[in-house]
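Engineer: Here it is, the structure in full.
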Amino acid sequence: MTAAKPVPFTIDIPQGKLDAIMAKVRAYEWHEMPEIAPGADRWAYGTDMEYMQALCAYWTGTFDWRAAERKLNSFPQFHADVDGHTVHFIHMKASNPKAETLLLTHGWPGSVFEFYDVIEMFLHPEKFGGKAEDAVNLVVPSLPGYGFSGKLKKPIGPRGTAALWDKLMREVLGYDTYIAQGGDWGAVVSGWLAYDRPVTKDGGCKAVHLNMYGVRPAVLPETEEEQKWAAAAAMTFELESAYLRLQMTKPQTLSYGMMDSPVGAAAWIVEKFNTWSDRRGPDGREHIENAFTKDQLLTNIMIYLVSGTFNTATWFYRGLFEEGGNTMAPGTKVEIPTGIANYPKEFIAFPPRSMVEKGYNILRWTDFEHGGHFAALETGKVFADDVLGFVKQIKG
C-alpha cells in the first residue's frame, strides 16, 4: 500500500460531545476507599479518591477545553493515509535548510500534548539560550488508534508502527534521513526504527534518542550490578504490571467500563501519571501536582475522551503481544548512534550502561537529578537541551 499527501487538520470538538462528558462527570456516584493512616501513601490501593474528587470539581468548574483546544491547534497539524492508517501529526520546519529532522513519539497514557511545551525549543533554540543553527525540523505523530489518528480495525504494535513512521517520514514528508526520539511506547517504536530501518544509502533512521529502555538485546545479566538491576526490575514489573497484563490480553473487556465513564478513564490514566512521575517538591514532599498541573492532566485525559480512543489505544499492548515482544534477535544490536536520557524517577529504570551497550551503540548517556517517565512534560527545557545536544553530536 502507498502513502497519501498530508491534509491540514484542526481540532474542533462539537459542544454536544463536551456537554455529554461533563454531564457524566457531574453525575458520577462516588463509592468507597480504604481508610489510609495519617501520613501514609493515599495512592497505595490505586487512585486516591480525595484527589479524584478535587480533580473532577476543577474539571467541571474551572477547566476550559476550548482554551486547551486553542493550544492544541497552535501548531500545524495534518492527517495522512499511510498503508490504510490515518495518521495525525504535527509538522514544522526549521528556518535552516540544512537542519536535521527529529521524529518525536509519545506513549501510553500520554499523547502528543506531552511535547507541546518543548516544540518551540526545538524550532527556535535561540529564544531559550541556544543557537539558531541547532534548530531541527519536527514531526510529532499520534500513535495509531490514539488521539486524533484514525480508529483501528485491529491491534497494531510498536514494530508495525515503526514501519508506518518510516513511510511517513520518507514517502509522505520527503525526509530521506531522520533522528527518532521517544519514551514509553515511543522508546519501543524508536528502538525498532533504529533496529529495523537504520540509515543506508537510500535513507532511514540515522540516530535514536531514548528516555526509556524499550527494545532490548537478547542477553542475560552478567555482572553483579546487572543482576541487581534485573531483580529490581522483576519486582517493579510484579507490582506495577497489572494494567499491562490486562491491556495486553483482554483490552476489549476493559473498554466497556472506560469508554462509558469519563471519571473511570481519568482515574486509570491519572494513577499512572502519579506513579511514574517525579513528584518531589522543594520541601521534599511528594504530590502529583509537583509534576503536573490539573490543566495538563485534564488536557491529556480529554484527548482520549473527545476522540473516543481509550479503547483502541490499549490495543497497542495486544499488538506488542501479537508481534512477539520487544527483544532483538540473538547476537544483534542497534548499530546507529544512540543517546540515553536516564531520569531518576523513570519507573522502568535503565539497566547499568554495561548492559545497555550490549544492544545499542551509545554516543551519549546523561544522568539527570530530576524527572520521570513523562520527561518532556516534566522537565521541559532540560529534556529539549539534552535531545538537541545529542543532535549536535550527530551533526559533528
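Engineer: Among the residues of segment 170-184, count how many are of a type in the set (A, V, I, L, M, F, W, C) and out of contact with any Leu (no Cβ under 6 Å at 6 or more places or on another chain).
Structural biologist: Total satisfying the criteria: 2.
Engineer: Give the residues of segment 98-139 that are among the charged types (D, E, K, R) and free of Cβ contacts under 8 Å to residues at least 40 places away in the same chain, sorted by residue number.
Structural biologist: Lys98, Glu120, Glu126, Lys127, Lys131, Glu133
Engineer: Hey, another quick one. Looking at Ala162, Ala194, which one is of a type in the set (A, V, I, L, M, F, W, C), in a helix (DSSP H, G or I), more than 16 Å from His91 (Cα to Cα) and touching a Phe, Trp or Tyr at 6+ places or on another chain (Cβ under 6 Å)?
Structural biologist: Ala162
Engineer: Now for a separate question. Out of the residues in segment 185-203 that are in contact with a helix residue (DSSP H, G or I) (Cβ under 7 Å, 6 or more places away or on another chain) and surrounded by 24 or more Cβ atoms within 10 Å (Cβ to Cβ), which is nearest to Gln247 (Cα to Cα)?
Structural biologist: Filtering segment 185-203 for residues that are in contact with a helix residue (DSSP H, G or I) (Cβ under 7 Å, 6 or more places away or on another chain) and surrounded by 24 or more Cβ atoms within 10 Å (Cβ to Cβ), the one nearest to Gln247 (Cα to Cα) comes out as Trp185.
Engineer: Related question: Restricting the search to segment 73-90, which residues are within 16 Å of Asp166 (Cβ to Cβ) and either of a type in the set (Val, Ile, Thr) or crowded, with 19+ Cβ neighbours inside 10 Å (or both)?
Structural biologist: Correct list: Ala80, Val82, His85, Val87, Phe89.
Engineer: Here is a follow-up. Only residues that are touching a His at 6+ places or on another chain (Cβ under 9 Å) and within 24 Å of Leu193 (Cα to Cα): list them for segment 111-133, please.
Structural biologist: Correct list: Val112, Phe113, Glu114, Phe115.
Engineer: Considering segment 249-272 alone, what residues qualify as being farther than 16 Å from Tyr146 by Cβ, assigned to a helix (DSSP H, G or I) and polar (S, T, N, Q)?
Structural biologist: Thr249, Gln252, Thr253, listed by residue number.
Engineer: Quick test of your reading of the structure: Asn361 fulfils all but one of (1) touching a residue at least 40 places away in the same chain (Cβ under 8 Å); (2) in a strand (DSSP E or B); (3) not small (Gly, Ala, Ser). Name the failing condition by number.
Structural biologist: Of the numbered conditions (1) touching a residue at least 40 places away in the same chain (Cβ under 8 Å); (2) in a strand (DSSP E or B); (3) not small (Gly, Ala, Ser), the odd one out for Asn361 is (1).
Residue-by-condition table, conditions (1) surrounded by 14 or more Cβ atoms within 10 Å (Cβ to Cβ); (2) free of Cβ contacts under 8 Å to residues at least 24 places away in the same chain:
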{"position": "Cys205", "(1), (2)": "yes, no"}
{"position": "Met212", "(1), (2)": "yes, no"}
{"position": "Phe237", "(1), (2)": "no, yes"}
{"position": "Gln252", "(1), (2)": "no, no"}
{"position": "Ser255", "(1), (2)": "yes, no"}
{"position": "Met258", "(1), (2)": "yes, no"}
{"position": "Val263", "(1), (2)": "yes, no"}
{"position": "Lys272", "(1), (2)": "yes, no"}
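Engineer: Within segment 21-37, is there a residue that is under 24 Å from Pro262 (Cβ atoms), crowded, with 18+ Cβ neighbours inside 10 Å, modelled with pLDDT of 95 or more and of a type in the set (Asp, Glu)?
Structural biologist: The answer is no, given that none of the residues of segment 21-37 is under 24 Å from Pro262 (Cβ atoms), crowded, with 18+ Cβ neighbours inside 10 Å, modelled with pLDDT of 95 or more and of a type in the set (Asp, Glu).
Engineer: Within the set of pairs 6 or more residues apart or between chains, which connect a residue that is in contact (Cβ under 8 Å) with a residue 60 or more places away in the chain inside segment 283-299 to a residue that is assigned to a loop (DSSP other than H, G, I, E, B) and β-branched (Val, Ile, Thr) with Cβ atoms less than 9 Å apart?
Structural biologist: If the second residue must be assigned to a loop (DSSP other than H, G, I, E, B) and β-branched (Val, Ile, Thr), the pairs left are Lys294/Thr62; Asp295/Thr62.
Engineer: Please tell me if Leu246 is touching a Leu at 6+ places or on another chain (Cβ under 8 Å), free of Cβ contacts under 8 Å to residues at least 12 places away in the same chain and not in a loop (DSSP other than H, G, I, E, B).
Structural biologist: Yes.
Engineer: Only residues that are among the small types (Gly, Ala, Ser) and surrounded by 22 or more Cβ atoms within 10 Å (Cβ to Cβ): list them for segment 105-153, please.
Structural biologist: Gly107, Gly110, Ser111, Ala135, Ser142, Gly145, Gly147, Ser149
The values are calculated or read from the model by the stated rules, or taken from the named source; none is laboratory data. Treat the numbers as computed from the prediction; the structure is a model and nothing was measured. Ideal geometry is used to build each Cβ from the backbone, glycine not excepted, and the neighbour counts take in all protein chains shown.
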